[in-house]
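Comments concern the structure below.
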Amino acid sequence: MKKIDVCLTPELLHLHDIENSIVVVVDIFRATSCMTTAFANGVEAIIPVATIDECIAYQQKGYLAAAERDGKTPEGFDFDNSPFSYMAEKVQGSTICVTTTNGTLAITKSKNAVKVMVGSFLNLGALTTYLKDQQYDVLVLCAGWKGKPNLEDTLFAGALVERLQDEFMIEEDAALMAQRLYNLGKDDLLACVASSSHVKRLQRLGIQKDIAYCLQHDLYDVLPVLRGNSLVNM
(Lines give C-alpha, C1' and ligand atoms only; values in the text may rest on other atoms or scores of the structure.)
Protein backbone atom coordinates (compact mmCIF):
# COMPACT_ATOMS: atom_id res chain seq x y z
CA MET A 1 0.00 0.00 0.00
CA LYS A 2 1.10 3.59 -0.66
CA LYS A 3 2.50 5.46 2.33
CA ILE A 4 2.09 9.04 3.51
CA ASP A 5 4.64 10.66 5.80
CA VAL A 6 5.42 14.11 7.16
CA CYS A 7 8.79 15.85 7.41
CA LEU A 8 8.44 18.58 10.03
CA THR A 9 11.32 20.71 8.73
CA PRO A 10 13.67 20.72 5.69
CA GLU A 11 16.53 20.05 8.14
CA LEU A 12 15.17 16.49 8.48
CA LEU A 13 14.65 15.88 4.76
CA HIS A 14 17.88 13.87 4.49
CA LEU A 15 16.21 11.17 6.62
CA HIS A 16 13.58 10.56 3.93
CA ASP A 17 13.96 8.76 0.61
CA ILE A 18 12.12 11.13 -1.71
CA GLU A 19 13.12 9.60 -5.05
CA ASN A 20 9.96 7.48 -5.16
CA SER A 21 7.70 10.06 -3.52
CA ILE A 22 5.61 13.04 -4.43
CA VAL A 23 6.73 15.83 -2.13
CA VAL A 24 4.10 18.37 -1.13
CA VAL A 25 5.85 21.50 0.12
CA VAL A 26 3.86 23.65 2.52
CA ASP A 27 4.57 27.09 3.94
CA ILE A 28 1.16 28.30 5.13
CA PHE A 29 2.33 31.71 6.40
CA ARG A 30 2.78 32.63 3.61
CA ALA A 31 4.77 31.41 0.62
CA THR A 32 2.69 28.47 -0.60
CA SER A 33 -0.56 30.30 0.17
CA CYS A 34 0.73 33.16 -2.01
CA MET A 35 1.68 30.77 -4.81
CA THR A 36 -1.73 29.09 -4.76
CA THR A 37 -3.42 32.50 -4.86
CA ALA A 38 -1.16 33.66 -7.69
CA PHE A 39 -2.10 30.68 -9.90
CA ALA A 40 -5.78 31.18 -9.06
CA ASN A 41 -5.39 34.73 -10.36
CA GLY A 42 -3.80 33.78 -13.67
CA VAL A 43 -0.04 33.67 -13.09
CA GLU A 44 1.67 31.67 -15.84
CA ALA A 45 4.69 30.43 -13.85
CA ILE A 46 6.60 30.98 -10.62
CA ILE A 47 10.36 30.49 -10.38
CA PRO A 48 11.28 29.68 -6.75
CA VAL A 49 14.86 30.52 -5.80
CA ALA A 50 16.73 30.18 -2.51
CA THR A 51 18.53 33.55 -2.42
CA ILE A 52 17.75 37.23 -2.86
CA ASP A 53 20.68 37.60 -5.28
CA GLU A 54 19.17 34.98 -7.62
CA CYS A 55 15.84 36.77 -7.43
CA ILE A 56 17.43 40.13 -8.29
CA ALA A 57 19.19 38.51 -11.27
CA TYR A 58 15.83 37.36 -12.66
CA GLN A 59 14.36 40.80 -12.02
CA GLN A 60 17.19 42.37 -14.01
CA LYS A 61 16.25 40.09 -16.93
CA GLY A 62 12.77 41.61 -16.88
CA TYR A 63 10.84 39.18 -14.68
CA LEU A 64 8.49 40.32 -11.92
CA ALA A 65 10.04 39.48 -8.57
CA ALA A 66 8.90 38.89 -5.01
CA ALA A 67 11.06 38.55 -1.91
CA GLU A 68 10.57 38.06 1.80
CA ARG A 69 12.99 37.78 4.70
CA ASP A 70 11.81 37.57 8.31
CA GLY A 71 8.27 38.45 7.21
CA LYS A 72 9.33 41.72 5.57
CA THR A 73 9.86 42.71 1.93
CA PRO A 74 13.33 43.99 0.99
CA GLU A 75 13.49 47.20 -1.05
CA GLY A 76 12.91 47.16 -4.79
CA PHE A 77 10.68 44.12 -5.34
CA ASP A 78 7.35 44.00 -7.21
CA PHE A 79 5.44 41.98 -4.61
CA ASP A 80 5.53 41.41 -0.89
CA ASN A 81 4.70 38.08 0.75
CA SER A 82 0.99 38.79 1.18
CA PRO A 83 -1.48 36.68 -0.81
CA PHE A 84 -3.54 39.82 -1.39
CA SER A 85 -0.76 41.35 -3.50
CA TYR A 86 -1.17 38.43 -5.94
CA MET A 87 -4.75 39.39 -6.70
CA ALA A 88 -3.61 42.36 -8.80
CA GLU A 89 -4.27 42.43 -12.54
CA LYS A 90 -0.56 42.60 -13.37
CA VAL A 91 -0.07 38.96 -12.32
CA GLN A 92 -2.19 37.61 -15.17
CA GLY A 93 -0.05 35.75 -17.70
CA SER A 94 3.18 36.72 -15.93
CA THR A 95 6.17 34.75 -14.69
CA ILE A 96 7.27 35.75 -11.20
CA CYS A 97 10.56 34.92 -9.49
CA VAL A 98 10.07 34.35 -5.75
CA THR A 99 12.38 33.94 -2.77
CA THR A 100 11.20 33.53 0.83
CA THR A 101 12.82 32.70 4.16
CA ASN A 102 11.56 29.12 4.30
CA GLY A 103 9.20 28.05 1.50
CA THR A 104 11.33 28.44 -1.60
CA LEU A 105 14.28 26.83 0.19
CA ALA A 106 12.12 23.77 0.92
CA ILE A 107 11.11 23.59 -2.75
CA THR A 108 14.69 23.77 -4.00
CA LYS A 109 15.73 21.02 -1.54
CA SER A 110 13.02 18.69 -2.88
CA LYS A 111 14.05 18.56 -6.53
CA ASN A 112 15.01 14.86 -6.48
CA ALA A 113 11.43 13.81 -5.80
CA VAL A 114 9.20 12.15 -8.41
CA LYS A 115 7.17 15.35 -8.35
CA VAL A 116 7.21 18.51 -6.22
CA MET A 117 3.86 20.12 -5.54
CA VAL A 118 2.76 23.16 -3.56
CA GLY A 119 0.20 22.74 -0.81
CA SER A 120 -1.90 25.14 1.22
CA PHE A 121 -5.24 25.03 2.97
CA LEU A 122 -6.50 27.07 0.00
CA ASN A 123 -6.00 24.16 -2.44
CA LEU A 124 -6.29 21.26 0.00
CA GLY A 125 -9.31 19.73 -1.75
CA ALA A 126 -7.75 19.81 -5.23
CA LEU A 127 -4.53 18.31 -3.87
CA THR A 128 -6.39 15.54 -2.03
CA THR A 129 -8.34 14.55 -5.15
CA TYR A 130 -5.18 14.47 -7.27
CA LEU A 131 -3.03 12.51 -4.81
CA LYS A 132 -5.68 9.83 -4.26
CA ASP A 133 -5.15 8.65 -7.84
CA GLN A 134 -1.34 8.61 -7.77
CA GLN A 135 0.64 5.40 -7.31
CA TYR A 136 3.54 7.03 -5.46
CA ASP A 137 4.15 7.56 -1.75
CA VAL A 138 3.53 11.09 -0.49
CA LEU A 139 5.79 13.14 1.77
CA VAL A 140 4.46 16.41 3.18
CA LEU A 141 7.45 18.71 3.67
CA CYS A 142 6.77 21.48 6.17
CA ALA A 143 8.89 24.56 5.48
CA GLY A 144 8.92 25.42 9.18
CA TRP A 145 10.81 28.46 10.39
CA LYS A 146 14.58 28.67 9.92
CA GLY A 147 15.07 24.93 10.34
CA LYS A 148 12.62 24.48 13.22
CA PRO A 149 9.11 22.96 13.01
CA ASN A 150 6.12 25.27 13.17
CA LEU A 151 2.49 24.84 14.12
CA GLU A 152 0.66 26.00 10.98
CA ASP A 153 2.60 23.84 8.50
CA THR A 154 2.22 20.82 10.79
CA LEU A 155 -1.54 21.46 10.97
CA PHE A 156 -1.76 21.46 7.17
CA ALA A 157 0.24 18.22 7.03
CA GLY A 158 -2.26 16.72 9.48
CA ALA A 159 -5.19 17.88 7.38
CA LEU A 160 -3.76 16.19 4.28
CA VAL A 161 -3.00 12.99 6.21
CA GLU A 162 -6.55 13.01 7.58
CA ARG A 163 -8.04 13.31 4.09
CA LEU A 164 -5.79 10.63 2.58
CA GLN A 165 -5.80 8.08 5.40
CA ASP A 166 -8.06 5.62 3.55
CA GLU A 167 -5.79 5.49 0.49
CA PHE A 168 -2.38 5.75 2.19
CA MET A 169 -0.74 3.90 5.07
CA ILE A 170 0.50 5.97 8.01
CA GLU A 171 3.72 4.36 9.26
CA GLU A 172 5.64 7.08 11.04
CA ASP A 173 4.85 9.13 14.13
CA ALA A 174 5.34 12.53 12.51
CA ALA A 175 2.31 11.87 10.28
CA LEU A 176 0.33 10.56 13.25
CA MET A 177 1.27 13.58 15.39
CA ALA A 178 0.29 16.00 12.63
CA GLN A 179 -3.04 14.26 12.07
CA ARG A 180 -3.91 14.28 15.78
CA LEU A 181 -2.89 17.91 16.12
CA TYR A 182 -5.13 18.87 13.19
CA ASN A 183 -8.09 16.97 14.63
CA LEU A 184 -7.61 18.80 17.93
CA GLY A 185 -7.52 22.23 16.29
CA LYS A 186 -9.61 21.93 13.12
CA ASP A 187 -12.82 23.43 14.53
CA ASP A 188 -11.05 26.76 15.09
CA LEU A 189 -7.67 26.92 13.38
CA LEU A 190 -7.38 30.64 14.03
CA ALA A 191 -7.59 30.06 17.78
CA CYS A 192 -5.30 27.04 17.47
CA VAL A 193 -2.47 29.09 15.92
CA ALA A 194 -3.15 32.30 17.89
CA SER A 195 -0.17 31.96 20.22
CA SER A 196 2.21 30.44 17.66
CA SER A 197 5.55 32.12 17.01
CA HIS A 198 4.83 32.90 13.35
CA VAL A 199 1.43 34.43 14.07
CA LYS A 200 3.05 36.68 16.68
CA ARG A 201 5.65 37.74 14.11
CA LEU A 202 2.98 38.53 11.52
CA GLN A 203 0.79 40.37 14.01
CA ARG A 204 3.72 42.62 14.88
CA LEU A 205 3.81 43.47 11.17
CA GLY A 206 0.06 44.25 11.25
CA ILE A 207 -1.11 41.55 8.85
CA GLN A 208 -3.86 39.79 10.77
CA LYS A 209 -6.00 39.49 7.61
CA ASP A 210 -3.29 37.37 5.91
CA ILE A 211 -3.44 34.88 8.78
CA ALA A 212 -7.22 34.39 8.54
CA TYR A 213 -7.08 34.18 4.74
CA CYS A 214 -4.36 31.51 4.70
CA LEU A 215 -6.35 29.21 7.01
CA GLN A 216 -9.37 28.98 4.67
CA HIS A 217 -9.97 25.51 3.22
CA ASP A 218 -10.61 24.57 -0.42
CA LEU A 219 -10.81 28.04 -1.92
CA TYR A 220 -9.06 27.29 -5.22
CA ASP A 221 -8.93 24.40 -7.66
CA VAL A 222 -5.25 24.78 -8.56
CA LEU A 223 -2.34 22.32 -8.51
CA PRO A 224 1.06 24.01 -8.61
CA VAL A 225 3.77 21.56 -9.66
CA LEU A 226 7.49 22.00 -10.32
CA ARG A 227 8.48 21.52 -13.98
CA GLY A 228 12.19 22.08 -14.43
CA ASN A 229 12.95 25.24 -12.45
CA SER A 230 9.43 26.69 -12.59
CA LEU A 231 6.16 26.02 -10.84
CA VAL A 232 3.19 25.81 -13.17
CA ASN A 233 -0.49 25.07 -12.58
CA MET A 234 -1.23 21.49 -13.57
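The values are calculated or read from the model by the stated rules, or taken from the named source; none is laboratory data. Bear in mind that the values here come from a model prediction, so they are computed numbers and not experimental data. As a convention, Cβ positions derive from the backbone with ideal geometry for all residues, glycine included, and neighbour counts pool all protein chains shown. Please note that ligands, DNA and RNA were not included when accessible areas were found on the heavy atoms of the full protein model with its side chains. Shrake-Rupley method; radii C 1.70, N 1.55, O 1.52, S 1.80 Å.
Assorted remarks:
- With DNA, RNA and ligands ignored, accessible area of residue 49 (1.4 Å probe; Å², nearest 10): 10
- Net charge of neighbours whose Cβ lies under 14 Å from the Cβ of residue 209, counting Lys and Arg as +1 and Asp and Glu as -1: -1
- Amide H contacts of residue 139 (H built 1.01 Å from N, under 5 Å, at least 5 apart or other chain): 5, 22, 23, 24
- With Cα atoms defining each centre, segment 139-168 and segment 74-124 are spaced 18 Å apart in the structure.
- Each Lys or Arg adds one and each Asp or Glu subtracts one; over the other residues with Cβ under 10 Å from the Cβ of residue 64, this totals 0.
- With DNA, RNA and ligands ignored, accessible area of residue 137 (1.4 Å probe; Å², nearest 10): 40
- Listed values (i) 47, 37, 30; (ii) 51, 33, 32; (iii) 73, 53, 22, entry calculated as Cα extents along the principal axes in Å: (i)
- 53, 218, ranked by accessible area, largest first (probe 1.4 Å): 53, 218
- Under the span-like rule (Cα at least 15 Å along the axis, Kyte-Doolittle mean at least -1.0), DSSP H helices of the chain: 151-164, 173-185
- Taking a ≥ b ≥ c as the square roots of the eigenvalues of the Cα gyration tensor, segment 76-119 is classed as prolate, since a/c reaches at least 1.5 and a/b is larger than b/c.
- Segment 157-234 shape via C-alpha gyration tensor axes, a/c threshold 1.5: oblate
- Per residue, the chain exposes an accessible area of 43 Å² to a 1.4 Å probe, with every protein chain left in place.
- For the set 68, 44, 172, the ranking by accessible area, highest first and with no ligand, DNA or RNA atoms included, is 44, 172, 68 under a 1.4 Å probe.
- Accessible-area value, residue 182, 1.4 Å probe, nucleic acids and ligands omitted, Å²: 20
- Accessible surface of the chain, 1.4 Å probe, proportion on carbon and sulfur as whole %: 47
- Among the listed pairs 90/132; 72/209; 72/148, a Cα-Cα separation exceeding 23 Å is found for 90/132.
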